[in-house]
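Read the figures in this text as sums done on the coordinates, not as results from a lab. It should be emphasised that the depicted structure is a prediction, and the values quoted were computed from it without experimental measurement. Cβ coordinates were reconstructed from backbone atoms using ideal geometry, including for glycine residues, and neighbour counts include every protein chain displayed.
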Amino acid sequence: MSVEINEIVRKYALQNAALYGGKANPKAVMGKVMAEQPELRPRAREVSAATKKVCLEVSSLSFDDICRMTEAIDPSLLEKTKCERKNSLPDLPFAEEGKVVMRMAPGPSGPLHLGHTRVAILNDEYVRRYKGKYINRLEDTNPDRIDPDAYKMIPEDLKWLGVDVDETVIQSDRFELYYDVARRLIDLRKAYVCTCEAEQMREFKEQSRACPHHDQTPEEAHELFSKMLSHHFSEGEAVLVVKTDLHHPNPAVRDFVGLRIVDSVPHPRTGTRYTVYPMMNLSVAVDDHELGLTHVIRGKDHLNNTLRQEYIFNYLGWKKPQYFHYGLVSIPDSILKTSTIREGISAGKFSGWDDVRLGTVRAMARRGIQAEAIRNYWVDVGMKEVDIEFSWDNLYAFNKQIVDKVADRYFFVWDAESIDIVGVDRIEAHCPLHPDHKERGCRDHSLTSPLSVFMTREDLQGFKERGTVRLKDLCNLRWENGQAVYAGNDISVLKEGWKIAHWAPPGAIPAKVLLPDGASKDGVAEPIPASAIGEVIQFERFGFVRVEDVAPSIRAYFAHT
């Protein structure tokens, strides 16, 4: 690899590291290099190897050195980077470089959706800032809510998001640990085994009364707990309860269930080996301690859980993490619930987890929404404690900032109608692939007699009503005596108020664009090269789309305008 190419790679590796708190993402850097030097595409494997090497070197530098070196190459590279907006997220209290440990804790009921990306990205931003450790903890202690495929899909989604996971932990591997902690709580007289009916337990808590089992001796509690483990009790007949304060002003915080029996559903990983399952508050408290979590970010819907978990930390003398609770977010016009999606897939309503009507990470990727745009959105929202509504317009604006610079342009004509052009025997069209990157070349079209083009039904009707139209990058037309008459190629007619329309050549091929609401736009488009498959392009005057296929017909997914 030439010195010049290495310099380009290093430039963008430094910029990417500055943007993401000190770690350069090879995939993102590769995209930047290829956008600047498209002639390198045939050498993609060689460039990729060089990119990975340089990104590794850059990521080993201090953040200040990264910013300084980036500025030395070109100060404009620091625009909108973390060097400029490094205070967009508040600093973490008591955070020491190299010692921060944070986690993402999804339940494997399906792949990640947009709601999950907030905590995934905020944690990643902080781990990058402090050069800490990122743990992906799969909380699979609800066997009836597990999709076995999610164990693979969730890490794939995190990787696509650009989240660097240092360690993956699966809770179903840790049952014996939870049992040991339960025994320690029993020894401390901070836990007991309750065999009351669930409704009766609820009434006791609401009335701030102790249930008949509350004051068990450790010996009695151990005996009952052993019976739970040896299948003496069935589901719903016994639970291990963690003591708190029966007079706590919040009934939800009063004595809470730490372990319960589940024998009706086998676990996809452990089968029927275990039937005593930890509840979330016990397993989370134990794992946050055992894994050395220093800071925990989660929604304010977990405020009561934090209060419950703190009891376990206090009883066992563990150091508590720093807790942060952001406001809830509602995501309109989006299907997120995994059970609903799974039922829809089974019924044939949805094509899969990446159906573009869904709010999953996979659906976002299929539509052409960039991981960087999702990251930028959540960093911009930050750690606000107020509840918010997700703004699709803002996400699209962030995505447009990214794709507009790299997306090649093509013509797509929906509701297409053919129109003949008279008064000329030949027209040459040289349509730039990108208006800001002339070096990428043009889409060249040569129209010969008899001339015709495709226009949208709406544009054609407007042309007939006004009597004039400018076909973009092709020619001007007048409507005379029921015909489209060639009127030259002087673009100054736009100053006279002529409307501009796009078009497709006679050799256009069938095209379908699938929309996020399940509808589609059908028409024709100029030929698109196979190299565009999987890439985001812009259909001029229509919007940005991600190309799925180009032959024998074009199939694309709409991202946004």
Taking a quarter of the surface of the Cα convex hull of region 175-278, what do you get in nm²? 6.5
Those GluC sites (Glu not before Pro) from region 175-228 that are DSSP loop and have at most 13 other Cβ neighbours within 10 Å turn out to be Glu197
At a temperature of 4 °C and a viscosity of 1.567 mPa s, determine how fast region 331-436 diffuses translationally according to Stokes-Einstein, using the Kirkwood radius over alpha-carbon pairs as Rh; express D in µm²/s, rounded to the nearest whole number. 73
Once Rg/Rh (Cα atoms, Kirkwood Rh) is worked out from the coordinates, which option in [x] 1.17; [y] 1.00; [z] 1.09 does it equal? [z]
Full extension between Lys495 and Arg145 adds, at 0.36 nm per residue less the Cα distance, a length in nm of 119.7 nm
Relative to the longest principal Cα axis of the chain, at what angle does helix 303-316 sit, 0 to 90 degrees, rounded to 10? 40
Sorted on mean Cβ neighbours within 10 Å (highest first), peptides 487-496, 409-418 come out as 409-418, 487-496
Taking 96-106, 511-521 and ranking on average Cβ neighbours within 10 Å, highest first, one gets 96-106, 511-521
Quick one: helix 457-466 against the long Cα principal axis of the chain, what's the angle to the nearest 10°, folded into 0 to 90? 40
If you average the sequence gap of Cα pairs under 8 Å that are 6 or more apart and divide by the length of region 362-488, what percent do you get for the contact order? 21
Once you sort the root eigenvalues of the Cα gyration tensor of region 407-561 as a ≥ b ≥ c, which label holds: rounded (a/c under 1.5), prolate (a/b larger than b/c) or oblate (the other case)? prolate
With Cα atoms, 0 to 90° folded angle of helix 150-160 axis to the chain main axis: 50
Calculated [θ] (222 nm, deg cm²/dmol) that DSSP helices of n ≥ 4 give over the chain, each run adding -39,500 (n - 2.57): -10500 deg cm²/dmol
Formal net charge of residues neighbouring Ile8 (Cβ-Cβ distance under 9 Å; K, R +1; D, E -1): 0
